[in-house]
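Working notes for the structure below.
The values are calculated or read from the model by the stated rules, or taken from the named source; none is laboratory data. Predicted model only: the values in this text are computed from it and were never measured. Please note: Cβ atoms are built from the backbone with ideal geometry, for glycine as well, and neighbour counts cover all protein chains shown.
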Amino acid sequence: MDTATVVKHTGSHYLLARLPEWSLFPAVLRGRIRLKGASSTNPVAVGDMVRFEYPDNLPDGETPTAETPAVITEVLPRKNYMIRRSANLSRQSHIIAANLDRAFIVVTMDFPEVKLPFLDRILVTCEVYGIPAVIVVNKTDLYDAQIRERLSVFRTIYEGAGYPVMEVSAVTGDGVGKLRDMCRDSLSLFSGVSGVGKSSLIKALDPSLNPRTGEISEAHLQGRHTTTFYEMYRLATGGYIIDTPGIRGFGLVDLSREEIALYFPEMLKVSGDCRFVPCTHTHEPGCAVKEAVEAGKISVERYESYLGMLEEGGKYR
Ligand code: GDP
Ligand code: ZN
């Protein structure tokens, strides 16, 4: 028995690697595992650590060729994972990736302008799945004084909420080195709405990568009720990344109204001091969250995102 990491999933086949070694070898699932994760279309996901073995008729110690796939016998416990619904009309879910060290959320202050409530939903999703989020502000080369002022307000809001904010430019390469350093020895998910420069950024990190291909096949697959497959890439400078196609490839959460505030870290921190339990942090007297908003300790923008999510009843994708 040996263990390896799933780096690619295409139909019934998987590619595994014994990281940090990057020699990929094929594998298939043992039928039994297939049945276990009934609600998920992929019981084994990219990023999973799996146990595998070779069929008995292969002599001991013989290394497999491309024609002799290993057999995945077990998925090791996951540190975390992110899921999405497989297709609009489907009740099944699809695991995007497992064992992530962080998610980079790529945004822009302009071209296009980031929508804070939308970003906040993504951050809540990361919190729910236990994946540390890092906000990457791209296209800084285009920002004039006015936009830089907006960026500074943005920074205050999100650093105040506890999220690292990095500034980069895929075009000039500013900040890309720091991003590359963060990627080393870890697995990072990249996400962002189309147009923010996510593909450009991945290319800037490693010019040999071509994330576009995945995006095209995603668009193609969306029309049919087909599962989207994710792939892990190795950066030439070290570390592994998974590209999610646009924001559709991002997670799904289903929260009760009471749960939402648990995933706003800055609200969670003070909510223990609310007079009422549970507290929706809206009309209740003695609400520590509202007091923190009034005192400027919690940003009005984040609080408004929270109220918006409450109103919608806690379903996001
Ligand atoms: P994606 O849809 O998020 O993958 O975005 P792309 O990488 O395709 O980039 C969208 C557009 O923004 C393209 O025209 C890129 O050339 C441009 N772009 C990406 N990054 C930057 C940047 O840092 N600065 C500038 N000025 N343009 C950028
Ligand atoms: Zn409260």
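Among the residues of the stretch 121-133, are any under 20 Å from residue 263 (Cα atoms), aliphatic (A, V, I, L, M) and touching an Asp or Glu at 6+ places or on another chain (Cβ under 6 Å)? So far as the stretch 121-133 goes, no, none of its residues is under 20 Å from residue 263 (Cα atoms), aliphatic (A, V, I, L, M) and touching an Asp or Glu at 6+ places or on another chain (Cβ under 6 Å).
Within the option set 206, 185, being more than 9 Å from ligand 1 (Cβ to nearest atom), among the charged types (D, E, K, R) and modelled with pLDDT under 95 holds for one residue only, 185. Checked against the criterion of being under 23 Å from residue 268 (Cα atoms), away from ligand 2 (no atom under 16 Å from the Cβ) and among the small types (Gly, Ala, Ser), the candidates 170, 98, 133 yield just one match: 133.
Looking across the stretch 224-251 at every residue that is among the small types (Gly, Ala, Ser) and at pLDDT below 90, the one that is nearest to residue 304 (Cα to Cα) is identified as 251.
Table: residues versus (1) modelled with pLDDT of 95 or more; (2) outside any loop (DSSP other than H, G, I, E, B); (3) surrounded by fewer than 17 Cβ atoms within 10 Å (Cβ to Cβ).
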| residue | (1), (2), (3) |
| --- | --- |
| 4 | yes, yes, no |
| 16 | yes, yes, no |
| 20 | no, no, yes |
| 23 | no, no, yes |
| 32 | no, yes, yes |
| 35 | no, yes, yes |
| 38 | no, no, yes |
| 45 | no, no, no |
| 50 | yes, yes, no |
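Yes or no, residue by residue, for (1) modelled with pLDDT of 95 or more; (2) crowded, with 19+ Cβ neighbours inside 10 Å:
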residue: 253; (1), (2): no, yes
residue: 264; (1), (2): yes, yes
residue: 274; (1), (2): yes, yes
residue: 284; (1), (2): yes, no
residue: 290; (1), (2): yes, yes
residue: 293; (1), (2): yes, yes
residue: 300; (1), (2): yes, no
residue: 309; (1), (2): no, yes
residue: 317; (1), (2): no, no
